[in-house]
Each structure stands twice: as structure tokens, then as C-alpha cells.
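J.: What follows is a structure written as C-alpha cells; I'll ask about it next.
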Amino acid sequence: MTTTSGNRGLVMDEPLLFEQDAPGRCGVDLETPEGRPLKLGGLERKGAIGLPGLAEPQVVRHFTRLSQKNYAIDAGFYPLGSCTMKHNPRLNEKAVRMPGFALAHPLQPESTVQGALELIATLAHWLTTLTGMPGVAMSPAAGAHGELAGLMTIRAALTARGDARKKVLVPESAHGTNPATATLCDYAVESIPANERGRIDIEALKEALDQDVAALMLTNPNTCGLFEDEIVEVARLVHDAGAFFYGDGANFNAIVGRVRPGDLGIDAMHINLHKTFSTPHGGGGPGSGPVVLAESLVPFAPLPYVVAGEGGFRMVEHDPSGRSFGRLRAFHGQMGMFVRALAYMMSHGADGLRQVAEDAVLNANYVLARLKGAYHPSFDGPCMHECLFDDRTLKDTGVSTLDLAKALIDEGFHPMTMYFPLVVHGAMLIEPTETESKATLDQFCDTMLALMEKAQAGNAEWFHESPHLAPWRRLDETAAARNPVLTWSPEQGKNAAA
Amino acid sequence: MRYLPQTDDDRTAMLAAIGAAGIDDLYVDVPRSAWRDGLVDLPLHQGEMQVERALAAMAAKNLHGGNAPFFLGCGSYRHHIPASVDALIQRGEFLTSYTPYQPEVSQGTLQMLFEFQTMIAMLTGMEVANASMYDGASGTAEAVLMANRVTRRHRAVLSGGLHPHYRETVETYARYGEFEIVSRTPSPDGRDDLIEAIDGTTSCVVVQTPDLFGRPRDLTKIAEACHAAGALLVAVVTEVVSLGLLMPPGAMGADIVVCEGQSLGNPMGFGGPYVGLFATKSKYLRQMPGRLAGQTVDAEGRRGWVLTLSTREQHIRREKATSNICTNSGLCALAFTIHLALLGEEGFTTLARLNHEAAQRAAERLEQVKGVSVLNETYFNEFTLRLPRPAIGVVEDLAGRGILGGVPLARFHPDDPGLSDLMAVAVTEMTTAEEIAALADGLAEVLA
Ligand SMILES: Cc1ncc(COP(=O)(O)O)c(C=O)c1O
């Protein structure tokens, strides 16, 4: 149905900011400048910028309307595999806004920021205790940045022993950031296949491990939602070859409080605070990716880091030993994420965090048990915090994983992760997290079962046209890429095709 | 536990449905040697009130921009954030959504990103901008990598006026990347021999404006020299408010512009999370790192947005991607966009002017303190003072009097005697006349 306004009930058609411009209008009241001569050396701006003028109520309404076009964990079930979309407590938001944290500047003298340094040191203690690793580099800005920190630490350690290894091994099932990071660290990437059980193929690993391998990057629990049950043997093989064992800790939620990566032989592992420790994803970031490190790697860790001394906490920004590989960003790290993560960890405590892992694993296995008659689990056995299906039971229906995902949108659920990991055809990776109730899981499973029945009954056309009820129908991604329109310009018609 | 909805009855029923005798059955794939039967050695769970008290006690130990005369800058600035910015970014639909992989239910984030990209292009005078990087420093490193790809050269020249954390970050990214970095040393007298350093192997020159000492830089000649040699000019802006008054780098010939966007919408927050702004020319689009929102239509012909050109990115290209970045600074970009939308053309340019004038008033007052001189002839909202003794000690003494006085440049370069008596002072629309007087009086006291 079309409407005159373009609105559809509570879903408002909202023009771009630039289309609401009135020159001279402003959403803040500032003082009037004195009109002093400029001291810019003649480098002042000559032309207008082109920013739109809106009053405060217009801006508030604009962004409120935009927000209403987003799905979110606050609003519903978000089983996006590998992303750990769990509830984001508002206590964490309150804590990060305490003026002592929010208004502190990163370059204040140490004596004036002892509380901030204490918070970083306390969070570091929680992370090292939970992982059973002696050190942690806190500065990385997200998981991929943590991977870079980890691989550079490894490379620095190898260089220090005069070992110029050239390769990093990455399983086929790995997240794309793993091989991309290895390249950024100037390593050649060698792919290791998965075995028929969805784990790393040990024989292939043995074959690939030679004197030229700097590290293996292994996600555990892996991206198929499985624990790498031969991990102790994997660690032994890697170490015997003189290489380091990098763990991708994106899936730490499955084991936090129950299993310590340090007990598995891992040398370095990043932790996505924005997954396991519930800092909000914010529509794509920011995150935080501290890397826990084994004793042998600690001296090579990035700058800066906090140390506790007699006179209080200190921030080490220059490495007297010259062994640190350097700095990865400005300042000290994602402090706002640290405050949130620590608030979350203290709330749960040692007991609650263990329960987090167990409920996350329970929920995923429950979904697996309920769906496995109609969907094809890619691998046997219990899963960890997420369950993986391939598209085998959709075969010959004319319905793809993508179509099914879009149909889920109509049912009020965010789709699962699709087509990842790459080792499975038409992958559907479902991660419920521990913050969902049994009632929600049941409603989701009932829906998934009904959709499969509908697909198998021959409603391909209906699926292809999904979503039908979402604020937007299916968007044309091909057109967007063929003729990229990445900024607004005055000439652009409001409803013109890209 | 308040964040966990399952009851014991639920758990029992679910285990039965799974066919497991207990939760341990689900962990059978974990090697027995790694099982931990007891709890880790950390405190037990606590209520909201207890956690809040514990964190408030830590926060209370910090002096900060809300309870002390405050003059720090160098890449992190104290600006006023309108109340509606924080209210809007805390809407759960923004705060608790993921990367907009499913565009039909993510148009809010996607439209915002398109607006953000457009604003960044406008501010910097460039044609395209991405959906954000982690921060200005890592964005600068990515810009150098991009310039290497575009030019197929491997030698970057860094200005001595580049923020030392940015320079160190670029050097880190270069460390194992088999390319050369030529870094100029920071020179208080304004010497920065960049043009001489350009040769036929140079991929880019990286110049910050205003620079570390606060001086706005004319990039025109450097851009000409770069282009004559087939190199790119990367311009870096650590104080984005300056673009309300200064000529945009694009108008001076920059090929890539990287900014730190913290100043708009985002609190100093002891250093992060911040938001890297990244803009370039359309012809270099396919070498750009990071996510991009692009316009398209849906099946009914309605305008909408999607993430696009992802064949540059890690999830598609893996080891051949232009960058490894995945999670970026989405929510900080939202805060930036809301703040800039509130300001608009008039507010943003006025804000910049207020900053510049406040800095002038401060410089005039501080220059009167005996033994203190202002290094800069030109500046935007930050300038450098030369003190009669090492600045680190002066800043400590000021802190002892409850004044957060500025950044001693020796903090970045402890071994460079030429910087030891220099202190960078930032002044914004937030800085009051009382604060300026407090700093002037404090300086007079500690230098007496
Ligand atoms: C398995 C895995 N590794 C690495 C990453 C990268 O983390 P980030 O997005 O924080 O950079 C992700 C998530 O996106 C992931 O799921």
C-alpha cells in the first residue's frame, strides 16, 4: 500500500539531513565571536562547506526516525553467528559517563589519573586470570587490530631470535580478518583445510608445518561452533616446529570461566570485549581487542602499557629495552570499552561468567536439537555457543540461505550469519547467546521449522521476494556496487535509482 | 543473576530436550586436562549498586576536564557536546545493533553512514569518504599503505610536525611491511624539509595541519612537489574543528585526508574510543580501506543504502584485502554526525572562530607571565609555550595545584633536548576566562 506522505504507520520516510537544510538555521546557540583578526597565516577557508542547517527538534526527530529503521538486540533476537549479540547492560553506559572517566585526557600527568590507570590494570587482571595467560596488551581497537598486535608480537619475538620465518597458517574456516592480518604483517598465508569433523585437519597441518612457519592462527571454539578437540596436540605440533600458536578468541563466550586458553597451549589470543564482555556494537563499532600473551611474548608487546609500582600506577610509553614492536594507535586503548567491560565482568563475577558460558552453550545446543530434524547440521556432536547448518535440506526447493534469511526478517528476527564459514555450503551460523530466554528460542525455532516446511512445500517465489513486511524490500546490492553513489550531492533526485 | 533469563527449570527441560545428562556433556570436546572444576580466582557477582560504587571510587581519583582548569590537546580536545547527542546515541536501536549486514533492517545506520561520509567529504574537500577507521593514528597508517598500493612505491616521508603517536603508528605498520619511512624530526623553529626528501621512489608525504606545535600548514607547494614526483600527499588533521575556519586539505591538493574526529560528539574519555575520518579522490576508491555505505533502491524502487564495494574488504578478499579492518567506530561516527548536524554550516564555522579567539586571548595572557613566550606566530586553537625550565616538571607542579596545564612535548620525545622546555596548550569554546587566569597565575607561581 502506498501513502501520500511516504510514511507507513510508525515507519517514517525520512529525507537526508541535506534535504532539510535552511541556510542560517542552527541547532546550537553559541556566543557571538568578537571578530578578532585571524592568526592563521592567510590559510583561512575561502568557500562554504555545504553543511545543512537544522534546528534541534529536527535533528532529534531525524535521528530518532533513523533509529526506528534499525533492528537491535534491545528490540529482538539477534542470532548472528560469530558476533555474540548479547544484552548490553545500561549500568555499563552509566559507568562510562562518570566524569572521572569521560572527561579525563589521555596525556594528563600520571599522578592525576590514578583511577583510570587502576581501571585498566584491574581489567587486565580479570583478562589474564580468565585466560590463564601472564600478560595482556590492552591497546588494540578491535579484534582485527588485536590480531595484528598478536602477530607483530610474534614476529618481534622471532626476529629477536634471528628467525626470519615467512608463513602463517590459517584454516579455511577462519574469519577473513585472520588472513588479512597475516598479509598486513607481511606473511604469506597458507590455508589449512578442515577435516570431515569440522576441525583443523591434523595431517594437513603436519604437512604444512616447517621451518618457515611463524604461526598458526586458530579460532577456538572455531567458526563452525565446535571446540577444537585436538588442540593440545595442535599446540604441541606447532611448538615442535618452532612456531607460535595464535588463538582467535572471538568465540571466548563459550568457555569463559570454564576453560583457560593458557591451559591449551595458546601463546597469544585477542579477546573481543565487544562480544564476550558485552560492550555494545553500536552499528559496527567501536570495539576493543586486548591480546593476552604467553611469558615468551610479553617483552615484545606493543606500547603503551600500565605497570603498578610503589608510587602508584605508571603508563609506560617508551620501551627502555627496545624489544616492544611499537605503537598501534594514538593514546592507550579503548578506555570507554574497558569501563563497560569491567562493569559487566564485576556484575557477573567468577560465578556468573561461568554461568554465561554454560547458558550460551546450552542455548545453542537447544536450538541445534530443535532444528536438526529439518535443517542439516554440518557436523555431528554437541556444539559450543553457536550451531552451524548447511543448505542441504533446501536443495531443489529453489530457496537459498539468503532467501530464508530475508524471510526471517518478516518474522521479526534478525537473520543468522549467512555463508560463513566458507567450508560449508550455504552456511547458516546461529548464535543465540546466554541472554535469551527459552521462550524466545522456542519462538525462533518454531519459525525456522515453519519456514523450512514452507520452502519445501514449493513457495520459492514468495521467498525470493522476501522480506515483504520489513521497512524496505530487498535492496539492490549489485546496482550499488556497479555505480557507486557514496555521498549526497544537490543534483541527486530523492527517489532516483543509484 | 540479572542478565541471565534461564531458570533452573528451563535448564533442566532444555538439557532433556538435547538428550544431555548435564551441562558437562556439552563440553565433552574440551580435553579433560583443560577442565576447570572450580571457579577462577576472581570476585563473585555483585549487584548494580556495588559495581557502580566500586567504579565511581576509581573515577573519583582522577582529575579531569570537568573539575580542573584544563588546557590539554595534542589529538584529544575538550569540546562541549550538546545533550541531544548523548541521548540519541543511547537509543538502543543504534547502540545495540551490529554492522548493517542486513540492509532491510539496518537503514537507520546505513543512512547515517551515508550522511557521515558526505559530511567528511565536504569538510575535507575530497570526493569520497569511508564509514570510519579506529582513530586518526591508525587511519594515517592505513593512508600510507594505500598510497603505497596506488603508487606501487614503498617510501613514505613523514613531516616532523606529525603527532608523534601517529608517526610511531605508521612506523609500526611499516615495520614488517618492507617499506621505508623517512621521518623528519619535530622542529620548534618550523623547519620541515619535506620537498627535499621527495624523490622518484616516494609513495607519499604525510603532513599534519595544524601541526604538532599548532601551526596551520600551507600544503600547496608540498602537493605540487608530490605530484611532480608521482607521489601522493596525505594530509592529517587531529583537530577536526579547525576545518571550520581553515582551508580544507583537498583545496590545497591533498590526495588522502585523515582526521581524528573525536572533537565532535565524543568525549576525551582517557583516549578512546575515537573515530578516524578517511577521505580521498574517487579515482583511488578501490584502494581505499574500510566500509562504505552506498545508495541504491529496493525492489519497489525506494531509495535505500547498503554496504558496498566490499570486494576490497577482508570478508571477501581475505589475504588480498586492502585492510584487515572489520569492526570500526560506528557509534562514534554517529555521535560525530549528530553533533555536526546540530551545528550545521553556521554553528560549525562559528564554533571554529570561537576556538580561535579563545586561543588568542589565552596566548596574549600567558605571554605576560615572566619567562614564558609563545612559539607560534600562527595557530588555530592550540599553540606552544616556551618555558624557562623543563615542561614536564612545570606540568607536574601545576597538577599539584589542581591545574591541568598542557602537554609537555618531551612526553613524546624524552630524549630530544630541543623539546624539553615546550608545552602545547589547547584552548576551546569551553575554556573560561577564569581558567585562563588560573593557568597564568599558576604558571607565574611555579616558575617563580
Ligand atoms: C572469528 C572472528 N575473528 C575475528 C573477528 C574480527 O573482529 P573485529 O570485528 O572486532 O575486528 C570476528 C568478528 O568480526 C570474528 O567473528
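The values are calculated or read from the model by the stated rules, or taken from the named source; none is laboratory data. Bear in mind the structure is a predicted one, so any value in this text is a computation, not a measurement. Neighbour counts are summed over all protein chains in view; Cβ atoms, including those assigned to glycine, are modelled from backbone coordinates with ideal geometry. Just the protein is used for accessible areas: all its heavy atoms, side chains included, with ligands, DNA and RNA removed. Shrake-Rupley method; radii C 1.70, N 1.55, O 1.52, S 1.80 Å.
J.: Starting from the Cα of B:Glu196, step 7 Å along the direction of its Cβ; do the same at B:Glu127; then give the gap between the two resulting points in nm.
T.: Label-label distance for B:Glu196 and B:Glu127, simple model: 3.6 nm.
J.: Moving on to the next point. Tell me whether region B:83-339 comes out rounded, prolate or oblate; compute the Cα gyration tensor, take square roots of the eigenvalues as a ≥ b ≥ c, and use a/c under 1.5 as the rounded threshold.
T.: Here region B:83-339 falls in the prolate category.
J.: Something else: Taking each pair of different alpha-carbon atoms in region B:120-206 once, compute 1/r for the pair, average those values, and report the inverse of that mean as the Kirkwood hydrodynamic radius in Å to one decimal.
T.: One over the average 1/r among Cα pairs gives 13.7 Å for region B:120-206.
J.: Sequence neighbours fewer than 8 away in the same chain don't count; with that in mind, list the lysines whose C-alpha is under 23 Å from A:Lys94.
T.: A:Lys86, A:Lys275, B:Lys61
J.: Of the options B:Pro82, B:Gly177, B:Phe412, report the single residue whose Cα projects farthest towards the positive end of the charge dipole of chain B (beta-carbon charges: Lys, Arg +1; Asp, Glu -1).
T.: Comparing the listed Cα positions along the dipole, B:Gly177 ranks first.
J.: Along the three principal axes, how long is the protein assembly as shown when you take its alpha carbons, biggest first, rounded to the nearest angstrom?
T.: 82, 68, 59
J.: Where does each of B:258-265, B:14-21, B:37-44 land if you order them by average Cβ count within 10 Å, highest first?
T.: Put in order of decreasing packing, that is B:258-265, B:14-21, B:37-44.
J.: In nm, to one decimal, how far is the B:Glu178 label point from the A:Thr2 one, both placed 7 Å along Cα→Cβ?
T.: 5.8
J.: Mind putting a number on the dipole of the protein assembly as shown about its Cα centre? Charges go on the C-beta only, +1 for Lys and Arg and -1 for Asp and Glu, and I need it in Debye to the nearest 20. The partial results should precede the final answer.
T.: Numbers: 79 positive and 111 negative charges, 249 e Å.
Once rounded to the nearest 20, the dipole reads 1200 debye.
J.: Starting from the Cα-Cα distance between B:Ala228 and B:Glu445, subtract it from 0.36 nm times their residue separation and give me the gain in nm to one decimal. Mind showing how you got there, number by number?
T.: On the way: separation 217, 0.36 × 217 = 78.12 nm, distance 5.27 nm.
Here the answer is 72.8 nm.
J.: What dipole magnitude, in Debye to the nearest 20, does region B:129-267 give about its Cα centre under +1 on Lys/Arg Cβ and -1 on Asp/Glu Cβ?
T.: Roughly 200 debye for region B:129-267.
J.: Just for region A:91-345, what percent of DSSP beta bridges are antiparallel, to the closest 5? If you can, show how the numbers build up before the last one.
T.: On the way: 12 of 29 bridges.
So the antiparallel bridges in region A:91-345 amount to around 40 percent.
J.: Continuing with this model, one more query. Note down the net charge around B:Arg167, summing +1 for each Lys or Arg and -1 for each Asp or Glu among other residues with Cβ under 11 Å from its Cβ.
T.: Result for the neighbourhood of B:Arg167: 0.
J.: Also, quick follow-up: Could you report the accessible area of B:Met49 in Å², rounded to 10, computed with a 1.4 Å probe on the protein chains as they sit in the structure?
T.: Solvent-accessible area, nearest 10 Å²: 100 Å².
J.: Same structure, new question: Given the -39500 (n - 2.57) contribution per DSSP H run of 4+ residues, what per-residue ellipticity at 222 nm results for chain A, rounded to the nearest 500 deg cm²/dmol?
T.: -10000 deg cm²/dmol
J.: I would also like to ask the following. Across peptide A:337-350, what mean number of C-beta atoms from other chains lies inside 10 Å of a residue's C-beta?
T.: 5
J.: Rounded to a whole number of µm²/s, how large is the Stokes-Einstein D of region B:344-447 at 4 °C and 1.567 mPa s, given Rh as the Kirkwood radius over C-alpha pairs?
T.: Here the translational diffusion coefficient equals 93 µm²/s.
J.: Additional query: Just to check I understand the Karplus step: with θ = phi - 60° and J = 6.51 cos²θ - 1.76 cosθ + 1.60, what whole-Hz values come out for region B:31-39, glycine and proline as x?
T.: After applying 6.51 cos²θ - 1.76 cosθ + 1.60, I find x, 3, 5, 9, 6, 10, 7, x, 7 Hz.
J.: Under 16 Å from a label point 7 Å along Cα→Cβ of B:Arg149: give me every residue in region B:211-254 with its amide N that close.
T.: B:232
J.: Near A:Thr153, within a Cβ-to-Cβ distance under 11 Å, what is the net charge of the other residues, with Lys and Arg +1 and Asp and Glu -1?
T.: 0
J.: Treating only the Cα positions of region A:101-259 as identical point scatterers, give the base-10 log of I(q)/I(0) from the Debye formula at each q in 0.08 Å⁻¹.
T.: So the normalised log intensities work out to -0.28.
J.: Per residue of A:365-375, how many C-beta atoms from partner chains lie within 10 Å of its own C-beta, taken as a mean? All intermediate terms of the calculation are to be shown ahead of the outcome.
T.: Working: counts 9, 9, 2, 1, 7, 3, 0, 0, 0, 0, 0.
Other-chain Cβ atoms within 10 Å of each residue's Cβ, averaged: 3.
J.: Give the residue from A:Gly412, A:Ile266, A:Leu205 lying farthest towards the positive end of the charge dipole for chain A; charges sit on Cβ (+1 for Lys and Arg, -1 for Asp and Glu) and the dipole is referred to the Cα centre.
T.: Going by the charge dipole, the pick is A:Gly412.
J.: How far, in nm, would the chain grow between B:Arg401 and B:Glu48 when pulled straight, counting 0.36 nm per residue and subtracting the alpha carbon separation?
T.: Details: separation 353, 0.36 × 353 = 127.08 nm, distance 3.50 nm.
My answer for the length gained is 123.6 nm.
J.: Still on this structure: In Å and whole numbers, how far do the C-alpha atoms of chain B stretch along each principal axis, longest first?
T.: Ordered largest first, chain B gives principal extents of 80, 53, 49 Å.
J.: If you place +1 on the Cβ of every Lys and Arg and -1 on the Cβ of every Asp and Glu, how big does the dipole about the Cα centre of region A:352-475 come out, in debye to the nearest 20?
T.: 140
J.: Using the heavy atoms of the protein chains alone and a 1.4 angstrom probe, what is the accessible area of region A:215-352 per residue in square angstrom?
T.: Values: 2860 Å² over 138 residues.
Per residue, region A:215-352 has 21 Å² of solvent-accessible surface.
J.: Something else now. Compute the FRET efficiency between B:Arg365 and A:Ala48 as 1/(1 + (r/R0)^6), taking r as their Cβ-Cβ distance and R0 = 41 Å, and round to the nearest 0.05.
T.: Values: r = 33 Å, r/R0 = 0.80.
According to the calculation, E is roughly 0.80.
J.: Right, another one. Give me a comma-separated list of calculated 3J(HN,Hα) values for region A:362-378, in order, Karplus coefficients 6.51, -1.76, 1.60 applied at θ = phi - 60°, integers in Hz, x for any Gly or Pro.
T.: Values, residue by residue: 4, 4, 5, 5, 5, 4, 4, 5, 6, 9, 5, x, 9, 10, 9, x, 5 Hz.
J.: Could you compute how much accessible area chains B and A hide from each other, both sides summed, with a 1.4 Å probe? Nearest 100 Å² is fine.
T.: Chain pair B/A: roughly 17800 Å² of buried accessible area.
J.: Roughly how crowded by other chains is peptide B:130-136, in terms of the mean Cβ count from those chains within 10 Å of each of its Cβ atoms? Please list the in-between numbers first.
T.: Working: counts 1, 4, 3, 3, 14, 7, 2.
Per residue, the average neighbour count from other chains is 5.
J.: Along the Cα-to-C-beta direction of B:Asp415, a point sits 7 Å from the Cα; which residues of region B:163-177 have their amide N less than 15 Å from that point?
T.: Only B:168 fall inside the zone, counting backbone N under 15 Å.
J.: Quick one: pull the percent of accessible area on the protein assembly as shown belonging to carbon and sulfur, 1.4 Å probe, ligands and nucleic acids left out.
T.: For the protein assembly as shown, the apolar C and S fraction of the accessible surface comes to 51 percent.
J.: Sum up the charges of everything whose Cβ sits under 10 Å from the Cβ of B:Lys283, counting Lys and Arg as +1 and Asp and Glu as -1, but leave B:Lys283 out.
T.: 0
J.: Mind checking which of B:Thr12, B:Ala59, B:Met112 is farthest towards the positive end of chain B's charge dipole, using Cβ charges of +1 (Lys, Arg) and -1 (Asp, Glu) about the Cα centre?
T.: Of B:Thr12, B:Ala59, B:Met112, it is B:Met112.
J.: So how far apart, in nm, are the two label points at B:Ala56 and A:Lys206 if each is 7 Å from Cα heading toward Cβ?
T.: About 6.1 nm, to one decimal.
J.: Taking a probe of 1.4 Å, how large is the accessible area per residue of region B:344-447, in Å²?
T.: 35
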